[in-house]
Amino acid sequence: MNHLYEQLAELKLTGFLDALKNQIAQPGAYLELGFEERLSLLASEELTCRENRKAERLVKQARFRLSAELSKLDYRSSRGLNKPLIRSLGQGNWLNLKQNLLLTGATGSGKTYLACALATMPAT
């Protein structure tokens, strides 16, 4: 089995390898699945891991000034944020439509935080 692990690692199939180790550690959970179904689960895990690594790499390469998330945004009334509008922007439809976004506001109102949160949203 170690030879297989080495081959998967050499092929850089780390998601597949981790999922395989999980299947081996919990054999009872996969008894009812056929070979192709188990193989499909392994391949799906590899694809998910690759997508996650790509998203992490893109966010890291962008070098955003802040690590921001829309879920952590402070909506106090004194800030004048339109919660439904921000939620709508968070869905990313404006990106699919290739529209620009201009953030304006007073100093310290959270424009940079909001911009970073919206910029990392497609990658996550």
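Which residue is surrounded by the most Cβ atoms within 10 Å (Cβ to Cβ), if the candidates are limited to segment 7-33 and must be over 19 Å from the mean Cα position of the chain (by Cα) and not in a helix (DSSP H, G or I)? So that I can check it myself, show each step before the final result.
Step one: filter segment 7-33 for residues over 19 Å from the mean Cα position of the chain (by Cα), giving 7-12, 17, 20-33.
Still in the running and not in a helix (DSSP H, G or I): 11-12, 26, 31-33.
Working: L11: 11, K12: 11, Q26: 9, L31: 6, E32: 7, L33: 13.
Going through the qualifying residues, I end up with L33.
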Can you tell me which residue is modelled with the lowest pLDDT among those in segment 34-57 that are surrounded by 13 or more Cβ atoms within 10 Å (Cβ to Cβ) and more than 18 Å from L20 (Cα to Cα)? A55
Could you check, for segment 74-86, whether at least one of its residues is aromatic (F, W, Y) and either in the same structural domain as G110 (by TED's automatic domain parsing) or out of contact with any helix residue (DSSP H, G or I) (no Cβ under 8 Å at 6 or more places or on another chain) (or both)? yes
Go through segment 49-102 and count every residue that is basic (K, R) and within 30 Å of K12 (Cβ to Cβ). 6
Which one is nearest to T120 (Cα to Cα) among residues in segment 88-109 that are touching a Lys or Arg at 6+ places or on another chain (Cβ under 8 Å) and surrounded by 11 or more Cβ atoms within 10 Å (Cβ to Cβ)? L103
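Can you tell me which residues in segment 69-78 are over 15 Å from the mean Cα position of the chain (by Cα) and either surrounded by 14 or more Cβ atoms within 10 Å (Cβ to Cβ) or of a type in the set (F, W, Y) (or both)?
Here is the first cut: in segment 69-78, the residues over 15 Å from the mean Cα position of the chain (by Cα) are 72-78.
Listed by number, the residues that qualify are L73, Y75.
The values are calculated or read from the model by the stated rules, or taken from the named source; none is laboratory data. The shown structure was predicted, so the numbers you read here are calculated from the model rather than taken from an experiment. All Cβ positions, even for glycine, are placed from backbone atoms using ideal geometry, and neighbour counts span all protein chains on display.
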